[in-house]
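Everything on this sheet refers to the single structure shown next.
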Amino acid sequence: MKIDGTPYRSVWLDTQDRWSVHIIDQTKLPWSVDIVQLTDVAMAGHAIRSMQVRGAPLIGAVAAYGLALALRADAGTTALERDAAMLNETRPTAVNLRWALDRMLARLRPLPAAERVRAAYAEAELIADEDAAQCAAIGQHGASLIADIAVRRPGRVNILTHCNAGWLATVDWGTALAPIYTAFEAKIDLHVWVDETRPRNQGAFLTAFELGKHGVAHTVIADNAGGHLMQHGQVDLVIVGTDRVTRTGDVANKIGTYLKALAAADNGVPFWVATPSTTIDWTVSNGVRDIPIEERAASEVTTMTGRALDGSITTVRVVPSGSHAANPAFDVTPARLVSGLITERGQCDATEEGLLSLFPERVEAELRQAS
Ligand code: MRU
């Protein structure tokens, strides 16, 4: 997608050296667009842990490139396993991280050390390109939800989203925002309610930045405003992304998503989740019980960062000193509250049957494993 007319992906190989990896430092957005050059696996690990890159699909892609960087230093099997394990520990909830590293290891383990670097870059490039293509397909499959509302009644379609599931959270296009960009390109009159998404403000900082740079009409709201807007008929549709979907359709996403789903159910507002297949965890059936929820630093709650009136970027404390803060970073929305899933293969119910109807090869794979 574009920033001021220039097309970007959120991660890319250096066009000259073809080995170092560029990312946009998302901790600096929206105040400045800082490009960081990753030159070793420690930098890649730091980028994921510190959330210079974040969003489930992007975390997976950067981990894949990180492993390629690691192999440049040491392509032996011991180092491969150690560096993959280090990357796998950087964040716990988004399953794309494990998925991408498992895929890289499956490709690299059988190879002699001398062939691993080239193969690792090729596989990481494939992972990145496939993610961009999957997200573009999610855009196509999800845009019909918006188009259907537009034909049913006159006026703007109002869509509410939480956190940032746009192109910054993936390699390109985004998940929840892909249908919005696709519908916008098709000239459907739409407007996006952007939850600010405390404590890290991915909505206010990143989603607002993306939509603004693309020219999509949007309004940032406090996280607590969604229910009120739904009660007053000002939300036609909720679309969010996800960090992990269970095989039964439970959805882990940024903290606060569950409350939006409850409010949507109470008000008859459709609540859709956009997910590439790389975010489905087929090994888990009960999301509330089994999805690990990241607990982040209390300082993300006790402080806020923004641009001061003199132009400087300032961090201020917003909680009395001495008060404790807790910071669970994700929650799980049970499948019963999800109207449907938008995947790269189309829409389905948030159920095991729904998911298997789109991904029937899972049935065969599991039968093979069981026999
Ligand atoms: O903590 P973050 O910013 O990595 O959390 C991101 C989200 O929760 C996104 O909504 C999710 O990863 C979907 S991204 C396409």
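Kindly evaluate Val220 against the criterion of being touching a helix residue (DSSP H, G or I) at 6+ places or on another chain (Cβ under 6 Å) and over 23 Å from Ile342 (Cβ atoms). Can you show your working first?
On the way: touching a helix residue (DSSP H, G or I) at 6+ places or on another chain (Cβ under 6 Å): yes; over 23 Å from Ile342 (Cβ atoms): yes.
Taking the combined requirement at face value, the residue satisfies it.
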Working only within the stretch 251-289, note down all residues that are closer than 15 Å to Leu358 by Cβ and small (Gly, Ala, Ser). Ala274, Ser277
Specify which of the listed residues (Ala136, Ala64) is more than 14 Å from the ligand (Cβ to nearest atom) and either part of a helix (DSSP H, G or I) or outside the structural domain of Asp172 (by TED's automatic domain parsing) (or both). Ala64
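Given the structure, is Pro92 part of a loop (DSSP other than H, G, I, E, B) and modelled with pLDDT under 95? Spell out how you get there, then give the answer.
Working: part of a loop (DSSP other than H, G, I, E, B): yes; modelled with pLDDT under 95: no.
So Pro92 fails the test.
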Filtered residues of the stretch 152-195 (kept if within 19 Å of Trp272 (Cα to Cα), part of a helix (DSSP H, G or I) and among the charged types (D, E, K, R)): Arg152
Pairs needed: first member in the stretch 185-202, touching a residue at least 40 places away in the same chain (Cβ under 8 Å) and among the β-branched types (Val, Ile, Thr); second member anywhere, open to solvent by 30 Å² or more (accessible area, probe 1.4 Å) and within 12 Å of the ligand (Cβ to nearest atom); C-beta distance under 9 Å; at least 6 residues apart or different chains. Thr197/Phe205; Thr197/Ile255
State whether one or more residues within the stretch 70-86 are open to solvent by less than 20 Å² (accessible area, probe 1.4 Å) and touching a strand residue (DSSP E or B) at 6+ places or on another chain (Cβ under 8 Å). no
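Condition first: at pLDDT 95 or above and either among the aromatic types (Phe, Trp, Tyr) or farther than 28 Å from Leu29 by Cβ (or both). Can you find one or more residues in the stretch 160-169 that meet it?
Initial filter on the stretch 160-169 (at pLDDT 95 or above): 160-169.
Subsequent filtering for residues that are either among the aromatic types (Phe, Trp, Tyr) or farther than 28 Å from Leu29 by Cβ (or both) retains 167.
Checked against the condition, which is being at pLDDT 95 or above and either among the aromatic types (Phe, Trp, Tyr) or farther than 28 Å from Leu29 by Cβ (or both), the stretch 160-169 yields at least one hit.
Does Asp250 satisfy the criteria of being of a type in the set (Asp, Glu) and more than 12 Å from the ligand (Cβ to nearest atom)?
On the way: of a type in the set (Asp, Glu): yes; more than 12 Å from the ligand (Cβ to nearest atom): yes.
Considered against the rule, which asks whether it is of a type in the set (Asp, Glu) and more than 12 Å from the ligand (Cβ to nearest atom), Asp250 comes out as yes.
Answer yes or no as to whether Thr333 is crowded, with 16+ Cβ neighbours inside 10 Å and either closer than 18 Å to Arg198 by Cβ or hydroxyl-bearing (Ser, Thr, Tyr) (or both). Step through it out loud before you land on a result.
On the way: crowded, with 16+ Cβ neighbours inside 10 Å: yes; either closer than 18 Å to Arg198 by Cβ or hydroxyl-bearing (Ser, Thr, Tyr) (or both): yes.
So Thr333 fits the description; yes.
If I go through the stretch 266-277 residue by residue, how many of them are open to solvent by 10 Å² or more (accessible area, probe 1.4 Å) and under 19 Å from the mean Cα position of the chain (by Cα)? Let's see the steps before the verdict.
Our first condition is that a residue be open to solvent by 10 Å² or more (accessible area, probe 1.4 Å); within the stretch 266-277, this holds for 266-270, 272, 277.
Checking the rest, the ones that are also under 19 Å from the mean Cα position of the chain (by Cα) come to 272, 277.
Of the residues in that region, 2 qualify.
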Quick one: would you say Gly346 is among the small types (Gly, Ala, Ser), open to solvent by less than 10 Å² (accessible area, probe 1.4 Å) and under 18 Å from the mean Cα position of the chain (by Cα)? no
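Does Ala261 qualify as being in contact with a Leu (Cβ under 6 Å, 6 or more places away or on another chain) and not in a strand (DSSP E or B)? Reasoning before the result, please.
Numbers: in contact with a Leu (Cβ under 6 Å, 6 or more places away or on another chain): yes; not in a strand (DSSP E or B): yes.
Taking the combined requirement at face value, the residue satisfies it.
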For the stretch 19-63, what are the residues that are of a type in the set (Val, Ile, Thr) and touching a strand residue (DSSP E or B) at 6+ places or on another chain (Cβ under 7 Å)? Val21, Ile23, Ile24, Val33, Ile35, Val36, Val53, Val62
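The values are calculated or read from the model by the stated rules, or taken from the named source; none is laboratory data. Since the model is a prediction, treat every value here as computed from it, not as a measurement. No Cβ is skipped: glycine too gets one built from the backbone with ideal geometry, and neighbour counts run over all protein chains shown. Remember, those area values only see protein heavy atoms, side chains included, never the ligands or the DNA or RNA. Shrake-Rupley method; radii C 1.70, N 1.55, O 1.52, S 1.80 Å.
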